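Asker: Have a look at this one.
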Amino acid sequence: MRIAKATRKYESWLGKQIPLVKSDLDLKHELMAEDAFSFLRGTFYRWAQVWKEFCPALADAPEVLAVGDLHVENFGTWRDGEGRLVWGVNDFDEAYPMPYTNDLIRLSVSANLAAKQGHLKFSGRNISKVILDGYVSCLKSGGRPFVLEEQHSWLREIALGEQRNPDHFWKKMDAMPAVKEVPKGAKRALQSLLPDEITDFRVAHRVAGVGSLGHERFVAVADWEGARIAREAKSLAPSASAQRGSKRILYSEIAEGACRALDPLLRIRGRWLVRRLGPDCSRVELSDIPQRVDEKRLLESMGFEAANIHLGSGKAMRAVRKDLASRRDGWLHEATKIMMDSVVADYEDWCKAHR
């Protein structure tokens, strides 16, 4: 099946699960044609359809509750219940039981594509090695959340860098178009996460990311105790992996089961994911990363965080450790090359269809 047809079929299925915003879907299609990295971010449905065909030996690996759509821009920061800054996987929209190898391959492919487009300086065979090194290190240690207090000061440079300062953040919030008609469920979800004293707030339509473009997405902005605060409500749909299986949404299950310092202001309300947004509570884009940051260390940390998530699968991790020990050196690099070829071929086909 060609990528254009696969996209139409997926979006037809998705439209039966949740209401879709056509203008955002049109924008998503445009972004998918910009470069192979953006294409990868926007097409997890295609990855879920083909990766087992291209990597059959890895598709038989032990299953965990996986992120699914893991890539180098699916990481961000938030504040935990103690107000501490935390770094880790930013969203679990595509969470589903999958071979643990899925997340490692997709993360490695995304890093290689980002390097080819100049977003990362660190490149080549070493990308797969450092990601896998981080993953194995986490399994050996038993897991550890990335709380950016006494440790990980280098990650604080990313979280509190110039591109994420309050002026930039609130300018983006102010630029979002206000909306008058908000689904009742979304409005209730937003209100549930705002302080009780707030009864008046501005609601705007937010356009963000690539993979979830097309989902309804609203942001409430309000003044509170001398400054502004923001809350986002995004409609949730079953994972693209659920087209032939259970349509249960596993967002809460994967987040709460992981080795993780939880964000107390992240909740599921009906079909809405509600979360706090702020200059230091959002996804980290590659453009946010200072040039002086040690990219090898960053990629290793991403692999470590993938294992933090997988550790939530408990007893299944014994089989994962055994499977990892049985694989020969270079397996992740080889799988990465195979899947990069597949992604690039689909990307080129997509571009031809959208000239």
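Every number in this text was worked out from the coordinates using simple rules, so none of it is lab data. Quick caveat, the model's predicted, so the values are computed rather than measured. Virtual Cβ from ideal backbone geometry, glycine too; neighbours counted across all protein chains shown.
Asker: Net charge near Glu53: determine it from the other residues with C-beta under 14 Å of the C-beta of Glu53, scoring Lys and Arg +1 and Asp and Glu -1. Kindly include the intermediate steps, with their values, before the conclusion.
Answerer: Numbers: positive: Arg46, Lys52; negative: Asp60, Asp341, Asp346.
Net charge in that neighbourhood comes out at -1.
Asker: Convert 20 °C to kelvin, take the viscosity as 1.002 mPa s, use the Kirkwood radius over C-alpha pairs of the range 3-353 as Rh, and evaluate the Stokes-Einstein diffusion coefficient in µm²/s, rounded to a whole number.
Answerer: Numbers: Rh = 20.7 Å.
The calculation lands on 104 µm²/s.
Asker: Using 7 Å Cα-to-Cβ label points, what is the Ser326/Asp294 separation (nm, one decimal)?
Answerer: So the label points at Ser326 and Asp294 sit 3.5 nm apart.
Asker: What list do you get for Met302, Met317 if you sort them by fewest beta carbons within 10 Å? Please report the intermediate quantities before stating the final value.
Answerer: On the way: Met302 26, Met317 19.
Least to most surrounded, the residues fall as Met317, Met302.
Asker: How much net charge surrounds Leu107 when only other residues with a Cβ under 11 Å from its Cβ are counted (Lys, Arg +1; Asp, Glu -1)? Display every interim value, and only then the final one.
Answerer: Numbers: positive: Arg106; negative: Asp69, Glu73, Asp103, Glu305.
Result for the neighbourhood of Leu107: -3.
Asker: Apply the Debye scattering formula to the range 18-83, with a single equal point scatterer on each alpha-carbon and no solvent, then give log10 I(q)/I(0) at q = 0.11, 0.13, 0.20 Å⁻¹.
Answerer: Per q value, in the given order, log10 I(q)/I(0) is -0.43, -0.58, -1.00.
Asker: Right, here's the next one. Go ahead and collect, in residue order, the members of the range 191-217 whose backbone nitrogen is under 20 Å from a label point 7 Å along the Cα-Cβ direction of Asp26.
Answerer: Within reach of a label on Asp26, which here means backbone N under 20 Å from a point 7 Å along Cα→Cβ, the range 191-217 contributes 205-217.
Asker: Further question on the same structure: Can you give the FRET efficiency to the nearest 0.05 for Met173 and Arg8, using r as the Cβ-Cβ distance and R₀ = 35 Å?
Answerer: Values: r = 34 Å, r/R0 = 0.97.
Approximately 0.55, to the nearest 0.05.
Asker: Quick one: go through the range 43-64 and flag any residue whose amide nitrogen is under 15 Å from the point 7 Å out along the Cα-to-Cβ line of Arg283.
Answerer: Hits in the range 43-64 for Arg283 at 15 Å: 43-45.
Asker: Separate question: Arrange the peptides 287-297, 328-338 so that the one whose residues have, on average, the most other Cβ atoms within 10 Å appears first. Spell out each step's value before the answer.
Answerer: Working: 287-297: 13.4, 328-338: 16.8.
In descending order of packing, they fall as 328-338, 287-297.
Asker: Mind ordering 8-19, 257-268 by average Cβ neighbours within 10 Å, highest first?
Answerer: On the way: 8-19: 13.8, 257-268: 17.8.
Peptide ranking by packing, descending: 257-268, 8-19.
Asker: Could you tell me which trypsin sites (Lys or Arg not before Pro) in the range 156-238 are loop residues by DSSP with no more than 10 other beta carbons within 10 angstrom of their beta carbon?
Answerer: Working: sites: Arg156, Arg164, Lys171, Lys172, Lys180, Lys184, Lys187, Arg188, Arg202, Arg206, Arg217, Arg228, Arg231, Lys234; in loops: Lys180, Arg206.
Loop-located and lightly packed - Lys180.
Asker: Along the charge dipole of the chain, Cβ charges K/R +1 and D/E -1, which of Leu14, Val219, Gln117 sits furthest on the positive end?
Answerer: Ranked along the dipole, the leading option is Leu14.
Asker: What does the charge count near Phe44 come to, summing +1 for each Lys or Arg and -1 for each Asp or Glu among other residues with Cβ under 9 Å from its Cβ?
Answerer: Working: positive: Arg41, Arg46, Arg106; negative: Asp69, Asp93, Glu94.
Net local charge, Phe44 excluded: 0.
Asker: Moving on to the next point. Using 0.36 nm per residue of separation minus the Cα-Cα distance, give me the extension gain between Ala353 and Ser141 in nm, one decimal.
Answerer: Numbers: separation 212, 0.36 × 212 = 76.32 nm, distance 4.77 nm.
The Ala353-Ser141 span can extend by a further 71.5 nm.
Asker: A follow-up question, please. Report the relative contact order of the chain, percent, no decimals, based on alpha-carbon pairs under 8 angstrom and at least 6 residues apart.
Answerer: Working: 585 pairs, mean separation 106.4, N = 355.
Normalised by residue count, the contact order of the chain is 30 percent.
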